[in-house]
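The values are calculated or read from the model by the stated rules, or taken from the named source; none is laboratory data. Values in this document were obtained by computation on a predicted structure and should not be read as measured data. So basically every Cβ, Gly included, is an ideal-geometry build from the backbone, and we count neighbours across all protein chains shown.
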Amino acid sequence: VSGGDERPVTVLDWIVFAAFLVWVVQDGVRRGKDSKDLEGYFAGNRRIPWWAAGLSVMATQASAITVIGTTGQGHETGLEFVQFYFGLPFALVLVCALLVPLFRQAPILSAYEYLERRFGPETRAAASLVFLLGRCFAFGVVLYAPSVMLAEMLGVPISATILTVGALTTIYTVFGGVSAVIYTDVKQMAVILGGLVVCFGVVLWRLLGEVDVVQGLELLGAAGKLEAVETVPDSLDFVPALRVEDGDPPPPRTFWDDKYNLWSGLIGGLFLQLAYFGCDQSQVQRILTNPTANESRKALLLSAIAKVPMQAVILLLGALIWLFHVYDDARLINGTAQQEIAVRAAAADPVFAARYRDIEVRHAEAVAERLAAARAFTELGDDAAKDERDASLRAFRERAAAERAIRREVFRAMEEAELVPANSGDTNRIFPQFILDNLPPVLLGLVIAAIFAAAMSSADSALNSLTAATIVDFYKRWLRPHASERENLRAAKLLSLLWGTFATLFALQVSGASSVIELVNEIGSYFYGTLLGTFALALFFPRVGRWASFIGLLAGMATVLVVDRTLRIEYLWYNVIGTVAVVLVGGLLSIVMPRDRS
Amino acid sequence: VAVADPLGPERPEDDVMSIGVYLAVCAFAVVFIALLWLLTVRFELGGTA
């Protein structure tokens, strides 16, 4: 039974990686001189240029999970996931037109300050609390998830990578405030893009020796990796099915079960991205840092234009890595940690060893047959009849599906032997394994730095926005309303340190509990629709007042909770459901308890 | 929407983005999604060769 290869991370890679960390932290700490009060600490004295805020918006959204997970998803399911982002450009246009002017009517520092001006302190406190709860869970996961992969790649314990990302991010964010966050995000975004370009170049260079561009796309298409737009959903049954107990037969599929298609992406995605960019403090804070509203709009429109193409390219990179594996170096299991688990178990348990060896032999045969099918197609040439080419592509598709089934089988065997948790796989380990296997020294260090950069650029924004919401919406609002600016700044720095420490400790505790990531996504989708609904009430329903908005907010969360417990509906739709529930309840209540304009 | 922005230029009407910019961004998104759809149908098995 073969195990993981020797780790190829060299001294040169460590030097590149360490130089990047020193550069980022030193520059972040240096920015502290601009933060003399809360205006400087949370809004960069409103002097941040649009391009820096725009790149920071993109870096904040591009977490390490995006870099590692999206390429893995491209490898396994192709371009399908790009549909998740289809609502984003339209959402950003709406944020620019409707919400940017709203946030700039007064020099606010937290998105939820506006809600107090419009409704009252209860709605502001509840909305800020909703944000804090969702973001604080997500912060722990943003630290934990990439740390697992980085630890495997570097051959160090997970706790070491969690502590490195957590401590370094906390240091420069505590000292430098939002200016440090934004300008380190700019550097981090440059490194992320550089790392992706390097990987793209390497995989294309290796692939073009085997196939030309059109042949490569035809092979990818045959394997179902280019299904970027699904216009017809899996089911047109619009009555949602009830949830069933584990073990019971699943009900027939409905429209709401299909996770990614054009409609869930455009409608569910629109609501999700509206809530993320318009109501989540970690993004709204970018709008508040620019000198004018138009600078804020330009910052957001940069994402509106670049985000969907960037995600498509990252997914295509994953799909190209899959095609590369057709020709070279297809592994049964990606990721050294899982390989070692299988090797150790096989050494200790003869029954598992026999099963594993059988799977390994069949996988090697399936890989050879898939390669033969790919070569048979490319050798046909362009002159072959369409029927002949289609038959050849169909044969390739069958061989590709057979190889994938065997890779799934190995994880089933490991799950049954209780070596890995249920529903395990190696999707998130495909990209790390690829770069370890194929990148030369220095470039490998650069790409590892890019993954660290992606982790830090999301963590720093989470940290600064959590601090901003806590200080502005609670400390300054309720505890110390008359504190001096100096005292406020000291409290902000201390709280930033506490949030950073808390998230790092939380991430250390998460270790091993893979389902926490799903839990966090679920919690996030409970909240976003509710927040968006509350802002929609503020904007479009002038009759809605203090209590109607507050009860509407609570009703929105309760509705999403009940729907989640009873119906089979994919999470993107929760954002629509939450928004509609808040607007309906708040709007109807305003008839019996109208706004008190006095 | 022209609103008083205490942080922006003195004349709020100077701080309004033209609707043409928004339409251009939306048009770009629609064209990109259409290109992805063309990629899907061109390379799906049995698609237009």
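Some points to look at:
- Of the helices (runs of 4 or more DSSP H) lying entirely inside segment A:1-86, the ones with 3 or more residues being closer than 27 Å to A:THR231 by Cα are found at A:64-77.
- Any chance A:ASP258 is over 20 Å from the mean Cα position of the chain (by Cα), surrounded by fewer than 24 Cβ atoms within 10 Å (Cβ to Cβ) and either acidic (Asp, Glu) or modelled with pLDDT of 90 or more (or both): no
- Within segment B:14-33, residues that are more than 20 Å from A:PHE86 (Cα to Cα) and facing chain A (nearest Cβ under 9 Å) have Cβ atoms under 7 Å from residues that are part of a helix (DSSP H, G or I) and not β-branched (Val, Ile, Thr) in these pairs: B:ASP15/A:ALA293; B:ASP15/A:ASN294; B:MET17/A:CYS96; B:MET17/A:ASN294; B:MET17/A:ARG297, counting only partners at least 6 apart in sequence or on another chain.
- Among the residues of segment A:296-311, those identified as more than 9 Å from chain B (Cβ to nearest Cβ) and in contact with a helix residue (DSSP H, G or I) (Cβ under 6 Å, 6 or more places away or on another chain) are A:SER296, A:ALA299, A:LEU300, A:LEU302, A:SER303, A:LYS307, A:GLN311.
- Residue count for segment A:107-120, restricted to those that are assigned to a loop (DSSP other than H, G, I, E, B) and within 14 Å of another protein chain (Cβ to nearest Cβ): 3.
- Matching option when the condition is out of contact with any Pro (no Cβ under 7 Å at 6 or more places or on another chain) and within 17 Å of A:ALA455 (Cβ to Cβ), among A:ALA167, A:ALA126: A:ALA167
- Test: residue in segment A:312-329 that is in contact (Cβ under 8 Å) with a residue 24 or more places away in the chain, within 30 Å of A:CYS279 (Cα to Cα), buried (at least 23 other Cβ atoms within 10 Å of the Cβ) and in contact with a helix residue (DSSP H, G or I) (Cβ under 7 Å, 6 or more places away or on another chain): yes
- Of all residues in segment A:413-432, those that are touching a residue at least 24 places away in the same chain (Cβ under 8 Å) have Cβ atoms under 9 Å from Cβ atoms of residues that are in a loop (DSSP other than H, G, I, E, B) and among the β-branched types (Val, Ile, Thr), 6 or more apart or on another chain, in A:MET414/A:ILE333; A:MET414/A:VAL420; A:ASP426/A:ILE333; A:ARG429/A:ILE333.
- Of all residues in segment A:58-106 being among the aromatic types (Phe, Trp, Tyr) and facing chain B (nearest Cβ under 9 Å), the one that is surrounded by the most Cβ atoms within 10 Å (Cβ to Cβ): A:PHE86
- Number of the condition not met by A:VAL472 [criteria: (1) within 24 Å of A:GLU76 (Cβ to Cβ); (2) touching an Asp or Glu at 6+ places or on another chain (Cβ under 8 Å); (3) buried (at least 20 other Cβ atoms within 10 Å of the Cβ)]: (1)
- Filter result for the condition that a residue is of a type in the set (Gly, Ala, Ser), under 19 Å from A:GLY221 (Cα atoms) and away from chain B (no Cβ under 14 Å), over A:ALA372, A:ALA368: A:ALA372
- When the residues of segment A:1-46 are filtered to those that are of a type in the set (A, V, I, L, M) and either crowded, with 16+ Cβ neighbours inside 10 Å or in contact with an Asp or Glu (Cβ under 6 Å, 6 or more places away or on another chain) (or both), the one that is modelled with the lowest pLDDT is A:VAL9.
- Of the residues making up segment A:226-260, those that are more than 9 Å from chain B (Cβ to nearest Cβ) and either touching a His at 6+ places or on another chain (Cβ under 6 Å) or charged (D, E, K, R) (or both) are A:ASP234, A:ASP237, A:ARG243, A:GLU245, A:ASP246, A:ASP248, A:ARG253, A:ASP257, A:ASP258, A:LYS259.
- A Cβ distance below 7 Å, combined with a sequence gap of six or more or placement on separate chains, defines the contacts here; from segment A:284-297, residues that are more than 14 Å from A:SER56 (Cα to Cα) reach residues that are among the small types (Gly, Ala, Ser) and in a loop (DSSP other than H, G, I, E, B) in the pairs A:THR292/B:GLY8; A:ALA293/B:GLY8.
- Scanning segment A:107-145 for residues that are of a type in the set (Gly, Ala, Ser) and either modelled with pLDDT of 90 or more or surrounded by fewer than 24 Cβ atoms within 10 Å (Cβ to Cβ) (or both) yields A:SER110, A:ALA111, A:GLY120, A:ALA125, A:ALA126, A:ALA127, A:SER128, A:GLY134, A:ALA138, A:ALA145.
- Residue check: A:VAL174 meets all listed conditions (1) surrounded by fewer than 24 Cβ atoms within 10 Å (Cβ to Cβ); (2) assigned to a helix (DSSP H, G or I) but one, namely (1).
Each row is one residue, and each column tells you yes or no for (1) farther than 30 Å from A:GLY269 by Cβ; (2) in contact (Cβ under 8 Å) with a residue 40 or more places away in the chain; (3) outside any helix (DSSP H, G or I).
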site: A:VAL100; (1), (2), (3): no, yes, no
site: A:GLU122; (1), (2), (3): yes, yes, no
site: A:ARG135; (1), (2), (3): no, yes, no
site: A:TYR144; (1), (2), (3): no, yes, no
site: A:SER147; (1), (2), (3): no, yes, no
site: A:ALA151; (1), (2), (3): yes, no, no
site: A:VAL156; (1), (2), (3): yes, no, yes
site: A:SER179; (1), (2), (3): yes, yes, no
site: A:ILE182; (1), (2), (3): no, yes, no
